[in-house]
There are 2 protein chains.
Amino acid sequence: MLKLTLGRKVTTISQYKDIANTLKARIQNGDYVTGEHLPSQKELAEEFGTSRVTIQKALDELSNANLILRRQGSGTTVAPNSQSTLDILSSQYEGTTKLFAGRGKVSTQVLHFEIRLPNAHEQKRLSISDSTPVYDILRLRNVDDKPYELDHSIMPLSVIRNLTEKIAAGSIYTFIETQLGLKIGSSIRKITADIPSEDDQKYLQCHHNEPILQVSQTVHLADGRPFEYSQTRHRYDKGGVIVINNFLSSNGLEA
Amino acid sequence: MLKLTLGRKVTTISQYKDIANTLKARIQNGDYVTGEHLPSQKELAEEFGTSRVTIQKALDELSNANLILRRQGSGTTVAPNSQSTLDILSSQYEGTTKLFAGRGKVSTQVLHFEIRLPNAHEQKRLSISDSTPVYDILRLRNVDDKPYELDHSIMPLSVIRNLTEKIAAGSIYTFIETQLGLKIGSSIRKITADIPSEDDQKYLQCHHNEPILQVSQTVHLADGRPFEYSQTRHRYDKGGVIVINNFLSSNGLEA
DNA sequence: GAGTGGTCTAGACCACGCG
DNA sequence: GCGTGGTCTAGACCACTCG
């Protein structure tokens, strides 16, 4: 440990995360090239002045992100497609505002903003009772002044407080993270294709035969509380959803 | 260690995976109830006769699967929605044949089966040269005798050997895992909505205004070699793709 | 302050791949 | 056989939550 001023940052992050980020940067910079071997765990432990277990925890991070491949007996190599994986990681979809930061102008039109009681389905998805009021927000997001997605969000007041229509016109996620100081955890999403409704045709300006890509999701805070149940409808020509699936880690449980 | 006959299985799996599975089963059986605390790491270490670090590695597995929540100072609890998460885990999408095992009759019609050289795009996706031949396979999968998906797969012969049209009429994934003895690793998918092509309308029996849900993916073996680049087109009314996204672990690298 | 989970160590043995 | 990564230990200190 010894989290004193080790030279660089005083950020007091854990060593293994620091090391993981350093190694990630080396892959990004091309210091470690796709297909080539990384130094052995022993060598890395010596370089960073730490134990092998700590190096292994750092490598776990990179491995989960599909950036490296570890083979018993053989060694650790940089994964194929590591560069494109890095691209995907950096564009991890947390919110539309963040996703397009620096790449396009995002504007938001709040079509509906209401506080009401949840229906049975919403109660179940958000793990709340029928007496917990929720925000019901319908927003149209534009990118570069062209309609991009139609977002219908339900959030419980018991978790998200002091949300206003004005905030909803900006980035709700940024508000939650910076103003409320809450950490976003995991989400479960179902992605489907659908026929456009009248609202879709009106707001997304699509024709009746142009499909809609819908993402229906429940999002949780890091402490496990569900805070958003939403259905987002996209024009079919405005890109898709990119997903990395690691069968190994998920199926590690089943063997 | 001490992987001798410890009493139950002789499967020689690592302790922490064994423990993870045991704990998972307890959640599944309701021995540990959603929202309630698990025994502390210290208690679990005593119960399983192991060290705390090993228990932590087991809990890492459950945590990655979104089955538990760990809070410093507070304790470890069963995650909300743990039961539905278990459902999703058990239906992890590896192949259509497996997905519907026991739930519907899957039949496959091989529409095209060819060995040829890859184009530039396929070379890039599969990390192969222009002289490495590939299988080009188009299949129609039916569930309960109704068209379900139209699958176009490209696989390099350098990785997948001895594939025949007859095998393609069954489950290619089962062939790869059991006959070739290869382990499937991770996949990267892009999910989009699209307008049906003539082939879609013909084989999936959908109308020109019924959207298609397309999953375009590159799948890797556990050792990192890409072995399949495919585009699968689904009828929009036959369900969607369910995805669990763990922001914490993926963003652990970015902080 | 007591108890919890998070991090870290130094050392050990094992399983695997390769020459 | 040697070097690699995989697993495991016993113990330590830290950070956090809660009564």
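The values are calculated or read from the model by the stated rules, or taken from the named source; none is laboratory data. The model shown is predicted, which means the values in this text are computed figures rather than measured ones. Glycine gets a Cβ as well: all are built from the backbone with ideal geometry, and neighbour counts include every protein chain shown. Areas reflect the complete protein model, heavy atoms only, side chains present, ligands, DNA and RNA absent. Shrake-Rupley method; radii C 1.70, N 1.55, O 1.52, S 1.80 Å.
Points to keep in mind about this one:
- Segment B:200-209, residues that are among the acidic types (Asp, Glu) and over 27 Å from the mean Cα position of the chain (by Cα): none
- Residue count for segment B:132-178, restricted to those that are modelled with pLDDT under 95, open to solvent by 60 Å² or more (accessible area, probe 1.4 Å) and part of a strand (DSSP E or B): 1.
- Candidate set: segment B:196-208, residues that are part of a loop (DSSP other than H, G, I, E, B) and open to solvent by 60 Å² or more (accessible area, probe 1.4 Å); chosen: the one farthest from the other protein chains (Cβ to nearest Cβ): B:Gln205
- Considering residues of segment A:53-78 that are buried (at least 22 other Cβ atoms within 10 Å of the Cβ) and within 11 Å of DNA strand C (Cβ to nearest atom) only, the residue farthest from B:Asn246 (Cα to Cα): A:Ile55
- When segment B:29-55 is filtered for residues that are within 11 Å of chain A (Cβ to nearest Cβ) and either more than 10 Å from DNA strand D (Cβ to nearest atom) or not in a helix (DSSP H, G or I) (or both), the ones remaining, listed by number, are B:Thr34, B:Gly35.
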